[in-house]
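All remarks here apply to the structure that follows.
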């Protein structure tokens, strides 16, 4: 997706090649002629296969390592899923009412922080093969959009922003200097994309008095909790002590168990469950941080080390008449 290649290698079943049947293989061979952030996905039964996550990033580095050099180079693929409460298989028939939004297939706190040193130049590559545009907002910094899947943007055409819209079927590279130490949120600014397991068919009970209703319903349904009268935040205390459906994240987390400096801490009942805010964090690192460029280092309860942004990496070959540093 976005890579310039021969038509016979374009991978469109029924147009440039036969469909690849179950158990068959097909080798794609082509020369990489332009660096940048690209993607790959199937062109066969797209609605089902892409709803199940068959996609990835395809990063091509320039032959000259000094070209547009950065200290830290991250890549994130945004996607949406419709996993109904209590189920395990995504629903490919859902068009736009998705209830999960992920970075590299994960939700917070499984999303590892993007760890950088103060003063480093950082690049974050964004890809979007979901069904919605995502306005990605970074706290604490302004940045410049330096490239799209169509190529590098000339320096004179770049301007400072704090939110970059990533349209469907496109990529955006942003770059900035990490000159503000701290823990900074990085998230899609569509409010429904900062919550898990969103339900779309609930009645609007905001401002509706439910006095006495909870006790009456509990006679028939023990453990029932009335909610919605003052907004969705009422679901936070519910998530702390009321188990939800199997394989279903709470729509909102319990009380915000966080230290004053932004570090995540465990509530009294033990490690917390994944909650509503799907974000990565730029975490202040010590001068002795050992991680190589691009390594996403684990923090807190998010798991072990070494999780990397998925996709394929390559190195571009120079096209005729084009310098290798292009």
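Laboratory data are not the source of any read-out in this text; all were calculated from the coordinates shown. All of these numbers come straight from a predicted model, not from anything done at the bench. Here the Cβ is made from the backbone with ideal geometry for all residues, glycine too, and neighbour counts use every protein chain on show.
What's the percent breakdown of Cα-Cα distances in the range 92-221 across 10 Å bins, shortest bin first?
All Cα pairs, binned at 10 Å, distribute as 10, 32, 27, 15, 9, 5, 1 percent.
Work out, in µm²/s and without decimals, the Stokes-Einstein translational diffusion coefficient of the range 67-157 at 10 °C, 1.306 mPa s, Rh from Kirkwood over C-alpha pairs.
101 µm²/s
How long are the semi-axes of the equivalent ellipsoid of the range 16-114, defined as square roots of 5 times the Cα gyration tensor eigenvalues? Whole Å, largest first. Mind showing how you got there, number by number?
On the way: eigenvalues 168, 110, 19 Å².
Working through the eigenvalues yields semi-axes of 29, 23, 10 Å.
So what's Rg/Rh here for the range 64-115, counting alpha carbon atoms and using the Kirkwood radius for Rh?
On the way: Rg = 16.2 Å, Rh = 13.7 Å.
In the range 64-115, Rg relative to Rh is 1.18.
So if I take the centroid of the Cα atoms in the range 38-72 and the same for the range 124-172, what is the distance between those two points in Å?
If we compute the Cα centre of each part, the gap is 15 Å.
Ranked from highest to lowest mean number of other Cβ atoms within 10 Å per residue, what is the order of the peptides 12-19, 215-222? Mind showing how you got there, number by number?
Working: 12-19: 12.0, 215-222: 9.5.
Per-residue Cβ counts within 10 Å, averaged per peptide and sorted highest first, yield 12-19, 215-222.
Hey, fewest Cβ within 10 Å first, where do 108, 52, 143 land in order? Let's see the in-between values first.
On the way: 108 25, 52 13, 143 20.
The fewest-first ordering by Cβ neighbours comes to 52, 143, 108.
Quickly work out the residue 218-to-residue 153 label distance, labels modelled 7 Å from Cα along the C-beta direction, and quote it in nm with one decimal.
Taking the two extended label points, one gets 5.5 nm.
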